[in-house]
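The values are calculated or read from the model by the stated rules, or taken from the named source; none is laboratory data. Please read these numbers as outputs of a predicted model, since none were measured by experiment. Note: ideal-geometry Cβ built from the backbone for every residue, glycine included; neighbour counts use all protein chains shown. Keep in mind that these areas ignore ligands, DNA and RNA; they rest on the heavy atoms of the full protein, side chains included. Shrake-Rupley method; radii C 1.70, N 1.55, O 1.52, S 1.80 Å.
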Amino acid sequence: MTPIQPAPLPAKGVPALTLVMDPHDDVIHTHTALAAHHLPSGRITLHPGPGTTSETGLAHDLLATLGKPPLLPGRFPGGRQPAWEAAAAWMTALPVTRLTVLRAHRLTARRTTRLLQLRAVTGIHLTLVCHRPHLPAALHQALRTVDYSVTVDFEAARRHYYGTPIAEPPPADEPAGPADRWLTLPTLDRLVSYDSPRPCADPCTPPPIAWRHRPPPAPLTAPTAQRVAHRLHAATAHPRLAAAIAAALFTGASLQQLATARPHDYDDAVTTLALHDRARYTDGCAAHPVPPWAGIFLRAAACFTRLVSGEDQELLAAPGDRAHLLRVAETAKLRPPQPPAARRKGPAGRVEWDWRERQEADRYEAPSSRARPS
């Protein structure tokens with residue numbers, strides 16, 4: 001599998017780290033850098049929140065800059081939330097090529113070191129804006145072993161580092177109103193199915209999916225795929241949860257089968273995702289083609305898993321993440337078809353994820369109940 005490569009630098013010969021000095025704290029620097037923020041172009045501007053010096057707080061600010069909720073659901077080893085790894089994964093997958101950090105004179109040495117580590121992982125061009133005439137001691141200490149260039153010229157900073165503001169209309173994929181409406185997607189019917197495939201312990205190169213035992217899930221239309229991607233990006237900062245929901249939509253697989261995938265099972269070069277099923281509960285081990293809209297989520301999940309836990313851990317959500325996974329789907333207003341009001345088991349308004357399972361169980365039990373004597 002082709003490993004994830006760092007995002008390329010924006011232009012040949014541009015230094016990887018630039019320090020912009022704003023000695024008079026001129027508001028034009030802040031306004032210009034914020035106006036240049038444009039995620040689709042790979043440029044983001046981070047304005048750290050005041051009143052905190054924690055490294056995790058800065059990572060949360062960065063996730064918010066990427067359009068993500070700052071908190072990652074779930075439990076993590078040592079109680080440490082991998083917010084920096086999540087930010088690096090999304091920046092690699094989107095990809096982000098430029099990061100401008102305002103109020104850099106307020107950064108602690110540890111916060112600056114975190115940004116330098118992020119630059120090393122992602123390959124971004126990092127611009128630190130110091131709104132003071134001289135470097136503070138903490139920033140000077142963090143940069144003493146790093147090569148960087150310095151500019152005090154606002155026009156040079158605007159042209160070469162901040163970027164040119166892009167005027168564009170707001171996205172039309174989520175008009176006013178429909179973002180609050182549910183998207184009912186039949187491919188989510190099997191997400192909570194209780195099959196129990198296991199990952200392959202030995203090297204396994206599955207063939208392309210043949211769909212011998214069940215019909216293939218209907219591909220999402222382009223407008224629906226755009227809405228799904230938009231909602232997933234806004235619903236969670238957790239790459240594995242977002243990728244698991246995306247994978248469920250193009251594979252029709254259960255959470256148990258999605259959990260068989262490891263980072264090497266996603267091939268970014270040929271855009272396939274391998275799922276395993278040695279006992280052939282469904283379709284056996286098979287490689288599924290990844291549609292373009294879902295590729296970002298799979299790339300982010302692969303990068304995140306490697307940074308956090310390595311090649312031997314789940315690429316997507318694990319069975320123990322089920323409650324978090326369903327909560328993310330409901331936050332994004334994504335659900336499977338729902339039962340009629342007369343057949344609901346829970347209160348009105350609650351998503352029933354297991355209705356298909358109940359239907360199948362009823363069909364199996366119906367013949368045996370008819371055969372019983374009265």
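Within region 306-330, the residues that satisfy the criterion of being open to solvent by less than 40 Å² (accessible area, probe 1.4 Å) and either modelled with pLDDT of 95 or more or touching a strand residue (DSSP E or B) at 6+ places or on another chain (Cβ under 6 Å) (or both) are LEU315, LEU316, LEU325, LEU326, VAL328, ALA329. Residue count for region 38-47 under the criterion of being touching a residue at least 60 places away in the same chain (Cβ under 8 Å) and either in contact with a helix residue (DSSP H, G or I) (Cβ under 9 Å, 6 or more places away or on another chain) or over 25 Å from THR92 (Cβ atoms) (or both): the result is 2. Only one of the numbered conditions (1) at pLDDT 95 or above; (2) under 24 Å from PRO95 (Cβ atoms) is not met by ILE4, and that is (1). Here ALA59 qualifies as open to solvent by less than 20 Å² (accessible area, probe 1.4 Å), of a type outside the set (S, T, N, Q) and in a helix (DSSP H, G or I).
Pairing each residue of region 145-172 that is within 16 Å of ALA16 (Cα to Cα) with any residue that is at pLDDT 85 or above and exposed (fewer than 14 other Cβ atoms within 10 Å of the Cβ), provided the two are 6+ apart or on different chains, yields no C-beta distance under 9 Å. No other residue among THR97, THR92, THR108, THR53 is open to solvent by 10 Å² or more (accessible area, probe 1.4 Å), touching a Gly at 6+ places or on another chain (Cβ under 7 Å) and on the phi < 0 side of the Ramachandran plot apart from THR97. The single residue among LEU241, LEU188 that is of a type outside the set (D, E, K, R), in contact with a His (Cβ under 9 Å, 6 or more places away or on another chain) and open to solvent by less than 10 Å² (accessible area, probe 1.4 Å) turns out to be LEU241.
Within region 212-238, if we keep just the residues that are open to solvent by less than 60 Å² (accessible area, probe 1.4 Å) and assigned to a loop (DSSP other than H, G, I, E, B), the residue that is farthest from ALA64 (Cα to Cα) turns out to be ARG214. For region 331-347, taking the residues that are outside any helix (DSSP H, G or I) and out of contact with any helix residue (DSSP H, G or I) (no Cβ under 7 Å at 6 or more places or on another chain), the one that is most open to solvent (accessible area, probe 1.4 Å) is identified as LYS345. Collect the residues in region 111-137 that are under 27 Å from ALA243 (Cα atoms), open to solvent by 30 Å² or more (accessible area, probe 1.4 Å) and in contact with a strand residue (DSSP E or B) (Cβ under 9 Å, 6 or more places away or on another chain), keeping them in residue-number order. Listed by number, the list holds a single entry, ARG119.
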